[in-house]
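The structure appears below as structure tokens.
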Number of protein chains: 2
Amino acid sequence: MTQTEHTPAPNPSAPVDGWHWEDFTVGMQMSFGPSPVGREEVIRFAKDFDPQPFHLSEEAGKASLFGGLAASGWHTAGIVMRLMCDGFILNSSSLGSPGLDSLKWLKPVLVGDELRARMTVLATRPMNSKPKVGLVQTRWEAVNQRDEVVMLIESWAMFGRRHPGYPMQL
Amino acid sequence: MTQTEHTPAPNPSAPVDGWHWEDFTVGMQMSFGPSPVGREEVIRFAKDFDPQPFHLSEEAGKASLFGGLAASGWHTAGIVMRLMCDGFILNSSSLGSPGLDSLKWLKPVLVGDELRARMTVLATRPMNSKPKVGLVQTRWEAVNQRDEVVMLIESWAMFGRRHPGYPMQL
């Protein structure tokens, strides 16, 4: 594998007033990270939210289908959410999310891995009930240091519109 | 609303050797909780994984669509995962999950709320590639103190089988 294959395309520049609904166009991609997956963080998250043995110790992780001390899938989602936040959501008109169409945990995420996130815009549409709000459907891929997709999410998010739709509600 | 309406049916008793794939039957329900949603926990989770303003301060939360300091949707999922773990997963042959068919964040989860979780078995099937493993599809409802469903998940999980299927791999 050459260095070139690892270099993501440069992310689109953020608009001066931050990302709004109008700025997300179908096919647009952004990449974020990497973020290391640390042992302490994995165990702390597991103790709080998902204390299954294979998320708490190397021994139990090795004896499991994961083959090592593995991050909770919910932790992986949190790590990717944080990459998305730092990458563009905190500089946007984000209004939250109504949910996910699907979430697949495809491969184990083990302590020592590094995760990158790749976001692709799949669809956009106005929100009929709220003229100031638009919906954006995105695919999130979490990719490890071997370029394996470890988690795949299809998600909807709400963003404020720069130019509210008709009927106007000002 | 009467007390009776709030009283969930008693959960099925756990088998002496813990929950295995064979013990999950379509239509089976279990209820867990409540778990309080604390201010410190909401802010700490947000700082780690989802630092959008409406998850960090009352002021920004009140100004948002949420109407108050709101837990990250990923935090809500974590709280419910923990209720499931304490309720039955830690006393089971759980082998992790391949993913979710859907996740809906239906209503805000605000600081001071209390969440219960209701799990319903939707389907079960053997895992063809692994005779010692079976799959269970479940619906998870997160319900607040006003009996509103705030989050709805349809999920698949893998459990060890008490009686491995053919071909046997012992």
Completion exercise
Descending accessible area (1.4 Å probe), largest on the left, turns B:147, B:50, A:23 into B:147, A:23, B:50
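May I ask you to work out the translational diffusion coefficient for segment A:41-126 at 20 °C, viscosity 1.002 mPa s, via Stokes-Einstein with Rh from the Kirkwood sum over Cα pairs, reported in whole µm²/s?
147
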Handout entry: Accessible area buried at the B-A interface, both sides summed, 1.4 Å probe (Å², nearest 100)
Key = 3000
Exercise for the section: Report, to the nearest whole %, how much of the accessible area of chain B belongs to carbon and sulfur atoms, 1.4 Å probe, protein only. Expected result: 53
Problem - Listed residue pairs exceeding 26 Å between alpha carbons, taken from A:47/A:104; A:132/B:62; A:107/B:104; A:104/B:104; A:62/B:130 - result: none
Problem - HN-Hα J in Hz across segment B:26-39 - Karplus 6.51, -1.76, 1.60, θ = phi - 60°, x for Gly and Pro - result: 4, x, 4, 10, 9, 10, 9, x, x, 10, x, 9, x, 4
Exercise for the section: Would you kindly work out, in nm and rounded to one decimal, the distances from the label point of residue B:57 to those of the same position in each other copy, ordered shortest first, with label points 7 Å along Cα-to-Cβ? Expected result: 4.4
Exercise for the section: Measure nothing but the geometry: give the 0 to 90° angle between the long axis through the Cα atoms of B:73-87 and the longest principal axis through the Cα atoms of chain B, rounded to 10°. Expected result: 40
Practice task
Calculate the all-directions average of the projected area of chain B's alpha-carbon convex hull, and give it in nm².
Solution key: 11.3
Exercise for the section: Provide the solvent-accessible area of residue A:156, counting protein heavy atoms only and rolling a 1.4 Å probe, rounded to the nearest 10 Å². Expected result: 50
Problem - Distance-filtered residues of segment B:119-143 - backbone nitrogen under 13 Å, label point 7 angstrom along residue A:60 Cα→Cβ - result: none
Exercise for the section: List the distances, in nm to one decimal, from the label point of residue A:86 to the label points of the same position in every other copy, shortest first, placing each label point 7 Å from Cα along the Cα-to-Cβ direction. Expected result: 3.2
Fill in the blank from the handout: For segment A:78-170 the mean separation of alpha carbon contacts under 8 Å (6+ apart) over residue count, i.e. relative contact order in percent, is 34
Fill in the blank from the handout: Buried by partner chains in segment B:43-88 (accessible area down by at least 50 Å² vs chain alone, 1.4 Å probe, heavy atoms, protein only) are B:49, B:51, B:52, B:65, B:74, B:81, B:82
Practice task
Would you kindly find the accessible area of residue B:129, with a 1.4 Å probe and non-protein molecules such as ligands, DNA and RNA excluded, rounding to the nearest 10 Å²?
Solution key: 90
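Rolling a 1.4 Å sphere over the protein heavy atoms, what is the accessible area per residue of the protein assembly as shown, to the nearest Å²?
With all protein chains present, the protein assembly as shown gives 48 Å² per residue.
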Handout entry: Unit Cα scatterers, Debye sum, the protein assembly as shown: log10 I(q)/I(0) for q = 0.07, 0.10, 0.13 Å⁻¹
Key = -0.31, -0.63, -1.05
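The values are calculated or read from the model by the stated rules, or taken from the named source; none is laboratory data. Quantities reported herein were computed from a predicted structural model and do not represent experimental measurements. With ideal geometry, Cβ positions are generated from the backbone for all residues, glycine too; neighbour counts draw on all protein chains shown. All accessible areas refer to the heavy atoms of the entire protein, side chains included, with ligands and DNA or RNA removed. Shrake-Rupley method; radii C 1.70, N 1.55, O 1.52, S 1.80 Å.
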